[in-house]
Every structure is written in C-alpha cells, then in structure tokens.
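Below: one structure, written as structure tokens.
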Amino acid sequence: DESDTRYTGPFTIEKTTSVRATAFKDGYLSSPPTTSSYLIDSPHSDALSVVFVAMNPDDLYGEDRGIYAMGPNPGEAPTYRTANFQKEWERECNVEIFDGKGNAQVNQQLAIRMFGAYSRMRDQKGFALMSRSQYGANSINYPVFENRDMQSYSSLVLRAGGQDNTVTKIKDIVSTGLVDETTSLEVQAYRQAVLYINGEYFGVYNIREKINKDFIAAHYPEVDAENIDLLVGNGTALQGDNKAYKDMISWCANTNFASDENYAQLADKIDVDNYIEYLVSEMYVANTDSGNIKYFRERSDDPVNGKWRWLYYDFCWTFLGAERDFVTRFTDPAGHGVGKGFSTQLTRSLMQNEQFRQKFITRAAELLNSIYTPENVLAKIEETSSAIYDEIGREGGDGDRWPQGGGFGNWKACVKSMRNFARQRRNYMIDSIQNYFDLSDSKTKELFGEKDALELE
C-alpha cells in the first residue's frame, strides 16, 4: 500500500501500539505480515490477560466497510437494525494474547466480526474471533483456558459484558463460574482481560469459549457434533432441526405425567439431572432473560447422547431482586423470560410427577447448601470484581473511554448490590421451594439446615 510507511532502520515506539511489518523486494512476493504489540506506561493487574487486535482502521471504523461503524444507512434508533455493526461482516486481523505476567501465548491472523444481540447498541461492543485456513491456520493452537483440557479452538469471543457492560461486567462469569466443574452443566470458560485495538484502549473484556458445534465436540467428545440438533429459545434451530423437540413439547401438553410410566418415557428423551441443575441455577441467579437458552441432542437413539441437554449461558440480567420467586416464575403457564415469551410446558409437565418433584427438591437442597451458600457466591464476586477494580475508573468510570458506563461510583454500587443479593438469595430460594412444594417447616429445615443470618452492607 502506497500509504504505508517504509522503514529501512530502527525506529522508536513511545506509546502503546501494534506494529505490523511486511518485507518487500522487487521481483519477489512480499512476506506475510508480522505483528508485534508493545504495552508502554499502561500497567494492568496480574489477574488480567491483555489482548491486542491489529487491523486495517477502515475495516473497523470506515463508513462503508467498518464493522464497528454506524455506516451510511443505520436505520432507526434505538436498534439501528441496518447499521454496519449489525451485519455479520468478517474482516482480517491479527490477534495477540498475553497472560498477566506479559508472556505471549497467541499471535496469529484471524477473522473478526461483531458479537452479541442487543449489546451491539452499546458504545463498547463485543467481538467474535474465528480461525480461517486462508489466514494461515484453521485453529487457535493454544490451551487458552487453564481449566479446560482443549489444546486448540476454532473460535473465541471477546465479550464486553453484554448488556451488563455498563453495570458490573461480571454477572455472566460469576453465574457460570459457580456451576463450572461443580454440576453437569457445561459453560463457556472465561479469562478476564483488557483489549487494545490498533493500540487504542478498549477496556475490560472477557475472553470466552464460543458456543457452536465445535464447543459441543470439545465438551462432549462422545457426541457426534456433526449430527446434532442445536436449538435456541423456544426451539429455533441453529443446527439440525427442531422437529423432535417440538413433537416432544406437543406430546407434553397432552399427557399426564403423574403417571410414572409416562414420566419414564419423558425421562428417556431428556437428561433429567442436567435439566434440574439448569432450572435451579437459573432460579438462583434470578435470570429475567431466561428465554435466552441453548440446548442440544445427538440425532440418534443412543440412551445417553440422544437425550436433550441444556447449556448454561448469558446472565446479563441477573442478581437483582433477591426476594423474587423464580420457582413460580419458571412454572407459570403464561410463560417465562422477557414478556413471558418462552414456554414453561416442559417444566410444568415434569412437576406433575412425584419422582421428579422429590429429585428436584433434593438436588436444589444440595446446590443451595454448597455452591450457592452466601460465602461461596461472595467469594466468586470478590474474585472477579477485584480483578477489574483498577480498570473500571479508567475505561468508563469518569468518562475516559466509555462514558456510557455510568461512572466508577455506579459500578461499585452495582457490585455492592450483587453482594447483598448473595447475602439474601439462599433464604428466599428456600422460602420459594417450601411454598411451591408445600413442605413443612421441619422437612425444610431437614433439607436446607438453618437460614443465613448475614446483614446487608
């Protein structure tokens, strides 16, 4: 490119930047681009990774092709449905990932596109990173997450907190972190990080696994990930189709599951233990966007892999209103989630059966007495919030980078609200379960023990 700068000797770097260099010689093909990033006078916590993205500025901000831009025809506020950032455009970039001690871990060419739904309307937006053979490799060959066995990934997500990115930025990783490795629920691993694009500070992000068929293949190696039904919400197919699921829900609506025989047939179609853990965990965090769910099954008659299983993800709208009864909400015939737009048929059908009810109560007690104790939840909130404490004032606390964020004081107040939720939630969950299942006081105490006696901050 004639606009690029030609260097024939050393040069000085005085600020945080990414340097991309290509060698040229008359009569020869140019070399592949090489990228190196330099962090200067910008210390970050050792708990945070640092991600550098280097790309053509026009591919990011250009009116006609910039993936982050409004573009020439953005559509009407507030959704801007035809804005550039709403399109699934891919652009080439280079990505480097460093751990908190500055050790380089990833440095390669990848495809980048915008990530998220309504969060795309935020000032600070999320990104998806995909490996492509045309850019040099069809995988990211590094064990990105310490608590995963996977040695490579086809894609990653740089999530800015979704719709929680102007609130706490930690609700999703707290919610998923609590159930990761303690239940049968598979969740996206995370690494807290800061992001720079072309040397420009973009603030706090979470590096996450991406939920797709490769995620299924990695987390469920026994499943044929090329032969699955992967659904979202009320049954929209992301892979395969929704016929088996829709047929099951229709059957549920016309069947009495007080019969153990009928219940056994339904239990052959879904992983009951997985579904109970999904329900209890959704109820505990009080997820008002509870229709934002994904679930899958192998398209086979395999007695294990052919059952529906649920993936636990996306918890932006959580940890608010510790007193709310989500046991009743998840069994409301009118539906649950935003606008009660999502079916509760499966849950209500299961609740007709005494075997299921006892299994649900028992597992709920186990979870509320272990991963959902106030002490355990408070520890996870402290771990994740303290890692980004020093960054929040910089990225948006006082209007430096993302003024939409509401200020450092707002962030601290929201994290405090999360802590108070954790102090109260277990007690309210016990009350909801006792009331819904009509448990006696003695039986409730036998199952759950003493209630918590923690004062609010």
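The values are calculated or read from the model by the stated rules, or taken from the named source; none is laboratory data. None of the values given here were measured: they were computed from a predicted structure. Glycine gets a Cβ as well: all are built from the backbone with ideal geometry, and neighbour counts include every protein chain shown. With ligands, DNA and RNA removed, areas are computed over all heavy atoms of the protein, side chains included. Shrake-Rupley method; radii C 1.70, N 1.55, O 1.52, S 1.80 Å.
Determine, yes or no, whether residue 69 is open to solvent by 20 Å² or more (accessible area, probe 1.4 Å) and part of a loop (DSSP other than H, G, I, E, B).
Details: open to solvent by 20 Å² or more (accessible area, probe 1.4 Å): no; part of a loop (DSSP other than H, G, I, E, B): yes.
Taking the combined requirement at face value, the residue does not satisfy it.
Report yes if some residue within segment 447-457 is closer than 30 Å to residue 194 by Cβ and surrounded by fewer than 19 Cβ atoms within 10 Å (Cβ to Cβ); otherwise report no. Reasoning before the result, please.
Going residue by residue through segment 447-457, those that are closer than 30 Å to residue 194 by Cβ are 457.
With surrounded by fewer than 19 Cβ atoms within 10 Å (Cβ to Cβ) added as a condition, the list becomes 457.
Yes, some residue in segment 447-457 is closer than 30 Å to residue 194 by Cβ and surrounded by fewer than 19 Cβ atoms within 10 Å (Cβ to Cβ).
Return yes or no: is residue 263 more than 17 Å from the chain's Cα centre (by Cα) and either part of a strand (DSSP E or B) or buried (at least 21 other Cβ atoms within 10 Å of the Cβ) (or both)?
Numbers: more than 17 Å from the chain's Cα centre (by Cα): yes; either part of a strand (DSSP E or B) or buried (at least 21 other Cβ atoms within 10 Å of the Cβ) (or both): yes.
Yes; evaluated as a whole, the condition is true for this residue.
Quick check on my filter: what residues within segment 124-154 are in a loop (DSSP other than H, G, I, E, B), closer than 19 Å to residue 59 by Cβ and open to solvent by 20 Å² or more (accessible area, probe 1.4 Å)? Talk me through it step by step, then tell me what you get.
Applying the first criterion (in a loop (DSSP other than H, G, I, E, B)) to segment 124-154 yields 124-125, 131, 136, 138-139, 141-152, 154.
Within this subset, residues satisfying the condition of being closer than 19 Å to residue 59 by Cβ are 124-125, 131, 136.
Passing the criteria: only 136.
Pairs under 9 Å by beta carbon, first residue closer than 17 Å to residue 193 by Cβ in segment 114-138, partner open to solvent by 10 Å² or more (accessible area, probe 1.4 Å) and β-branched (Val, Ile, Thr), six or more apart or different chains?
Filtered contacts from segment 114-138: 124/166.
Select from segment 368-385 the residues that are among the small types (Gly, Ala, Ser) and outside any loop (DSSP other than H, G, I, E, B) and write down the one among them that is most open to solvent (accessible area, probe 1.4 Å).
Keep residues of segment 368-385 that are among the small types (Gly, Ala, Ser), which gives 370, 379, 385.
Going one step further and asking which of them are outside any loop (DSSP other than H, G, I, E, B), we end up with 379, 385.
On the way: 379: 54, 385: 7 Å².
Taking the candidates together, the pick is 379.
Are any residues in segment 331-367 within 19 Å of residue 266 (Cβ to Cβ), outside any helix (DSSP H, G or I) and open to solvent by 60 Å² or more (accessible area, probe 1.4 Å), and if so, which ones?
Listed by number, the residues that qualify are 333, 343, 352.
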